[in-house]
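Only one structure is covered here, and it is reproduced in the block below.
The values are calculated or read from the model by the stated rules, or taken from the named source; none is laboratory data. Just so it is clear, the structure is predicted and the values come from calculations on it, not from any experiment. Quick reminder, even Gly has a Cβ in these numbers, built from the backbone with ideal geometry, and neighbours come from all protein chains shown. Note: areas computed on protein heavy atoms with side chains; ligands, DNA, RNA excluded. Shrake-Rupley method; radii C 1.70, N 1.55, O 1.52, S 1.80 Å.
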Amino acid sequence: MVNMLCLGIEGTAHTFGVGIVKSDGKILSNFSKTYVPEKGGIHPRDASQFHAANARAVLDEALTQANVELKDIDLVAFSQGPGLGPVLRTASTAARALAISLDVPIIGVNHCIAHIEIGRLTENTKDPVTLYVSGGNTQVIAFDTGKYRVFGETLDIPIGNCLDVFAREAGIPHPGGPKIERLAKEGKKYIPLPYVVKGMDLSFSGLMTEAVRMTRLKKDLRDVAFSLQETAFAALVEVTERALAHTEKKEVMLTGGVAANTRLREMLQVMAKGQGAKFFVPPMELCGDQGAMIGWTGILAYKSGSKQKMDETQARQRWRTDEVEVTWREK
Amino acid sequence: MMLMKKGAEASLYLEPFENVLHTAGGGKVVIKERIPKEYRIKEIDEKLRLSRTSLETKLISDAKRAGVKTPAIYAVDLGKMRIVMEFIDGPQVKKVLKNPRFKDKKLCMLIGKYIARLHKAGIVHGDLTTSNMILTERGELYFVDFGLGEYNPSVEARGVDLHLLKRALQSVHFKIVDFVLREALRGYEEEFGAGARDVIKRAEDIEKRGRYVAKEDRIWH
C-alpha cells in the first residue's frame, strides 16, 4: 500500500481522541473530548463511561474533519497501555469493533512511545532524549539498541499529578497547572521544599505534601507556587541533563501535558544550550493526549512488520516503555 | 587548571600538588568542582551544590574507614564547592576488563568485596560503573566518584547498587559479564555474610520489574 490511512484511538486517562493520519506523516484530523470530574481527581469508571458515551461523536467529527469515510481506513491503531484499566478497555473495545467491521488490521500502541514518535515526526528530530511529563507519567526516555530506555522516572506520583493535587488542596480551580504557573510568576520569595533526586529517579510526593502544608501555614500562595515549580522543575531538568550527558545525544525534547509550562521550557532550553544540544517542543495540541500520535505510531509499527492478532489486543495497564520492541528504528 | 573531565554535575581538574596546597611535594591532585547551573534559581543551586559536596566528602572518608580504598581528601572548599583529593594514577577497570585475555578472578572478587564493605557501612555507591574503579600500578583497587552515593542501609538500595553493576558490565563488557559478575557476587557474599542472598535476590527482582534493561537472569545464579 503506497499511502495508507490509519485511524488512531487514544483512551488512557481523561481524554478520548481519534486522529486520522496518512503514512506520509500528514495528520488529516485530530479530535478529542476530555472528561472533567465534577470534583476531586479522575474516577476510572466515570472516565470510561464518558469515553464510551462520546466515542461515536468523536469518531464522526474526526472523519468529517479529515474528509474521509470509514471505508477509506486501512489500519486501526489504539492506545493499549499504560493507563487506567476501565478507560483502556473502552478504547480497545472501540478499536476491535472498528477493525472487525472494516476488516482491516489492528495494532496496539504504547501511549508513552506515541508521545515521542509524534514529536519526532513534527519536530523532525533524529534521536532526542525526551522528558515526558503529564498527569499520569514522568519519564526521561532515550533510544538505545532497539528499545526506548527509561533513564529516570518518578518513584511515586507524576509531576502533573503533583501540580493537580496541590492546586486542588490549595483551592485553585481546575485546570490547576496554568493557574499555578500564573501565580508562580508573581512569586518572589523561595520557600525551601524537599528536592528529591535518587540516582536518576525522582520523587514528588514529599514535595507536594510540604507545599500543601505551606499553604495551610498561610504562606503567600504566589511564593508557594513559585517554590513548588522551581523545585520540581529543577529536579526534572537535572535528571534530563544527566541522561543527556550519559547518552551523549544532541537533542532534547519536551512533551506531555506539563510541556505547556513556559518556565519548564525555559529551564530545559538553558540546560540544553549548556550541553550543546538542541531543544524541541512539539505544538501543544500534539503534546497532550490525542489520537494522531497513536495513529502515527501504529503506522510506524505496522510498516516495520508488527502484526497483532485479535486476542493480543487486551488492555495492558502497566505496559512499560522499555518493554516495547521498536521495530521501526535502526538498532 | 587543567580540565580532566566534564560531567553533568561537576568538572574534574588535574593540578600539581603544590599549586593547590602551597607546600612542596610531588604528585598531583584532582579538584572536583560542582558547577553552578543557570537553569535553576540561586537558592536551590547553592543548597544542592553545598549539601552534595559535603555529602560526597563524608562518603569518601567513611568508605575508606570501611576498608574500601578511596582517594585521600586534602581539602574541601564549601565556598567554591570544591573537593581537593588525591589523584589515583592508573587505568580504569573498564580498560583492564577490555583486555581479551583478562581472567583475574581476584580483582573481580575484590570489586564484590568492596561493594559489600560499603553496604555494611550503610553506604550505597549509586554509580557502580567500571569507569569509577581504578587499578593502580601496584595492583590496588580504588573506588572513585561518590557523587551519586548516599547513606542508605535498605535492601532495596543495595539491590539497586548490584543491579547497576550488572547493567554497567552488560553495556561495556558483554563478553565477560558472566565471569566478572559471578566472581564479584562471590566476593560480595563472602564479605557481606548473612543477608547477602537477600540483596542478590532483590537485585534480581529489580531487574524483573522491567525497570531496567536486560531480561536474562541466569547470571545471578
Residue within the stretch B:145-155 that is acidic (Asp, Glu), assigned to a helix (DSSP H, G or I), within 14 Å of chain A (Cβ to nearest Cβ) and in contact with a Lys or Arg (Cβ under 8 Å, 6 or more places away or on another chain) present: no
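This table checks each residue for (1) open to solvent by less than 40 Å² (accessible area, probe 1.4 Å); (2) in a loop (DSSP other than H, G, I, E, B); (3) more than 17 Å from B:Glu86 (Cα to Cα); (4) touching a Lys or Arg at 6+ places or on another chain (Cβ under 7 Å).
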site	(1), (2), (3), (4)
B:His119	yes, no, yes, yes
B:Gly126	yes, yes, yes, no
B:Ile134	yes, no, no, no
B:Glu137	no, yes, no, no
Where a residue in the stretch A:187-199 is at negative phi and among the hydrophobic types (A, V, I, L, M, F, W, C) and its partner, wherever it lies, is in a loop (DSSP other than H, G, I, E, B) and modelled with pLDDT of 95 or more, with Cβ under 7 Å and at least six apart: A:Ile191/A:Lys219
Candidates A:Gly199, A:Gly136, A:Gly176, A:Gly146 - the one that is open to solvent by 30 Å² or more (accessible area, probe 1.4 Å) and either of a type in the set (Gly, Ala, Ser) or touching a strand residue (DSSP E or B) at 6+ places or on another chain (Cβ under 6 Å) (or both): A:Gly136
Candidates B:Lys58, B:Lys105 - the one that is open to solvent by 20 Å² or more (accessible area, probe 1.4 Å), outside the structural domain of B:Leu14 (by TED's automatic domain parsing) and not β-branched (Val, Ile, Thr): B:Lys105
Any hit, the stretch A:29-40, residues being assigned to a strand (DSSP E or B), more than 30 Å from A:Val165 (Cα to Cα) and touching a residue at least 24 places away in the same chain (Cβ under 8 Å): yes
Residues of the stretch A:309-331 classified as assigned to a loop (DSSP other than H, G, I, E, B) and either open to solvent by 50 Å² or more (accessible area, probe 1.4 Å) or touching a Leu at 6+ places or on another chain (Cβ under 6 Å) (or both), total: 11
Number of positions in the stretch B:32-88 that are farther than 27 Å from B:Pro153 by Cα and in contact (Cβ under 8 Å) with a residue 60 or more places away in the chain: 2
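Let's see how each residue does on (1) at pLDDT below 90; (2) touching an Asp or Glu at 6+ places or on another chain (Cβ under 9 Å); (3) within 20 Å of B:Glu56 (Cβ to Cβ):
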{"position": "B:His125", "(1), (2), (3)": "no, yes, yes"}
{"position": "B:Ser131", "(1), (2), (3)": "yes, yes, yes"}
{"position": "B:Arg138", "(1), (2), (3)": "no, no, no"}
{"position": "B:Leu141", "(1), (2), (3)": "no, no, yes"}
{"position": "B:Ala157", "(1), (2), (3)": "no, yes, yes"}
{"position": "B:Val172", "(1), (2), (3)": "yes, no, no"}
{"position": "B:Leu181", "(1), (2), (3)": "no, no, no"}
{"position": "B:Ala184", "(1), (2), (3)": "no, no, no"}
Selection count where residues are assigned to a helix (DSSP H, G or I), at pLDDT 95 or above and within 14 Å of chain B (Cβ to nearest Cβ), scope the stretch A:266-300: 8
Total residues in the stretch A:208-228, condition touching a helix residue (DSSP H, G or I) at 6+ places or on another chain (Cβ under 7 Å), within 14 Å of chain B (Cβ to nearest Cβ) and open to solvent by 10 Å² or more (accessible area, probe 1.4 Å): 1
Count of the stretch A:150-171 residues which are open to solvent by less than 20 Å² (accessible area, probe 1.4 Å), away from every other protein chain (no Cβ under 14 Å) and aliphatic (A, V, I, L, M): 3
Positions within the stretch A:101-118 being crowded, with 18+ Cβ neighbours inside 10 Å, touching a helix residue (DSSP H, G or I) at 6+ places or on another chain (Cβ under 7 Å) and part of a helix (DSSP H, G or I), in sequence order: A:Cys112, A:Ile113, A:Ala114, A:His115, A:Glu117, A:Ile118
Number of positions in the stretch A:31-43 that are open to solvent by less than 50 Å² (accessible area, probe 1.4 Å) and modelled with pLDDT of 95 or more: 2
Residue in the stretch A:86-100 that is in contact with a helix residue (DSSP H, G or I) (Cβ under 7 Å, 6 or more places away or on another chain) and closer than 22 Å to A:His246 by Cβ present: no
